[in-house]
Each structure stands twice: as structure tokens, then as C-alpha cells.
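Notes for the one structure printed next.
What follows is calculated from the coordinates using simple rules that are stated; it is not laboratory data. No experiment lies behind these values; they were computed from the predicted model shown. All Cβ positions, glycine included, derive from the backbone under ideal geometry; neighbour counts span all protein chains shown.
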Amino acid sequence: MKKINKTDYAKYIEAAKKCTANRVYPMSIATGVQTGEIYEDGENVLFWHYCGFAYISGKADPDFLEQIYQEFLVADTDRRFLLITDSDFVTDYYKNHKLLKQDKRVEYDHASLPEISSVPDKQFIIERITDDNISCVRGGIVPAFSWESDNAFLEHGFGYLARRDTDFAAIAFSSAISPEEVDIGVETAESFRHHGLALYLANRMCEEIITQRKKPVWAHAETNEGSRKTAIGAGFKPCRVNTVIHKNI
């Protein structure tokens, strides 16, 4: 398996488009918008995003899958490695590996844009994410999850946050960007949940993405009921369920 030089990433745009489990994360790497690595072995290509998500383009033959197992899935890597696939062949290949675990991830397409109401609670201030306020953001699914630096996010990404006075309350942002799609990430601080902030901010994101003539996309772990409710409320509909293969820690 050969690691591709970043100067050649654009040559793999067509391969990224052929990733059937998800395109926006592979495309964000191939187009140079976000950080990640690309590996090739004959007709197979592996895209490994900064956030840890990895996707295969190609036939995914056993030799290629074994290389992924040895070099990424069970090896000590510089960041996490989660192989996301919609292939039964890939899922079955790793099914009996005792060192691995398999989870499910629901992917969504956007079906309709609900009417955006006013801010659900007037105590909150809604702002676009800028250099002046990004330092107040806290949580796991925030720009630092999928962007290598605040500067990279502010240059290429966008999003909105809610705050009460100086306290961070919630965020919705572009977790991954391609020329056709934007994946939305959402986080609400625990003390500010149940105010409708996640749905309000998700709707604001969908409105802007559509204005940009792109397609909003959404995904979450199958067990994340809160994210499911937000996605449905923001006009998304499930389109497939992928398998997430990762080290069983």
C-alpha cells in the first residue's frame, strides 16, 4: 500500500466520488479543503480523514483489507482509525477478528427545509463562528473534531454558535465540505440542552448550505437518539446504514 503525496491528491477526486458509503469526507481530502491521507494499492484507494473516519474506494480485495487491518485497524496510529463501509464483503471480512468491534452509523440525505422560527429562547445570542468567538467553543463534536486548526476552519468552513452571555451553549458547523455536499456537526453543552438550540442551529446551517447550492448531509451513531431527532426535525431522511469497524478497546 502506497501513501500518496499531497501534491497528487487532486488525481484521486474521481476515486473519492466512487466511495459509496460517504463522499463528503473523502472529497474533502482529495480537493485539499481538509486534512487527511490517501493510500493506494492497485485499484483500491483508502481515504483517512483528520477526524479518524476512513473510507474505501474500489473492489476492496482481501489483500487490501488485510493491509488495512495490519497497518491501521490494530496498529498504534497517530490518530484514531474508524473504517466506515456499506459493503457486506468488507463487513464480513472483519467480522471474526476478535480485536475489532463493529457498530452502525446512520447516514441521511436532506429532503426539505423547514421554516426557521425565531430563536427558541431569547436568553441566547446566535452568532456566526468567527475568530472572535471560536475560542469559547467546548465539546467533542466541534470544529477541532474534523479541522486541523481554527484557522483552517475559519478559512474554509462555517457555522453558527449559541451563547448565553459569555457561556457557550451550542454549535452547528461544517464538519466536512466538498464541492457538492456539507456534513453538519452539532454539539450542545449539557447544561443548555432541551432549549431547541441544536435544531435551530441545524436549520440555519441547512439554509446556508442550500443557498450555496450544495447538499446538506448528516450522520450519527445508530444509538444517538438525540441526533436522530434533530436530523428528522431539520428535514433529513435516513438513506443508508453503514458499518463502523474499529479497534475494540
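So here's what we get for this one:
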{"read-out": "Sparse-neighbourhood loop sites, GluC sites (Glu not before Pro) in the stretch 42-91 - DSSP loop, at most 16 other Cβ within 10 angstrom", "value": "43"}
{"read-out": "Calculated FRET efficiency for the pair residue 193/residue 75, C-beta based, R₀ 51 Å, to 0.05", "value": "0.85"}
{"read-out": "Contour minus Cα-Cα distance for residue 180 and residue 59 (0.36 nm per residue)", "value": "41.1 nm"}
{"read-out": "Computed log₁₀ I(q)/I(0) - Debye formula, equal Cα scatterers, no solvent, the stretch 65-140, q 0.21, 0.27 Å⁻¹", "value": "-1.03, -1.35"}
{"read-out": "Distance (nanometres) between label positions extended 7 Å along Cα→Cβ at residue 126 and residue 207", "value": "0.5"}
{"read-out": "Relative contact order [Cα under 8 Å, 6+ residues apart], the stretch 90-249, whole percent", "value": "37"}
{"read-out": "Cβ-derived FRET efficiency at R0 22 Å, residue 20 paired with residue 92, nearest 0.05", "value": "0.85"}
{"read-out": "Pairs beyond 18 Å (Cα-Cα), from 18/59; 17/215; 6/59; 59/214; 104/237; 59/101", "value": "6/59; 59/214; 59/101"}
{"read-out": "When the chain is reduced to its Cα atoms, the Kirkwood hydrodynamic radius in Å", "value": "18.7"}
{"read-out": "Approximate spin-label separation residue 66-residue 100, in nm, with each point projected 7 Å along Cα-to-Cβ", "value": "1.4"}
{"read-out": "Mean shadow area of the stretch 110-239, taken as a quarter of the surface of its Cα convex hull (nm²)", "value": "7.6"}
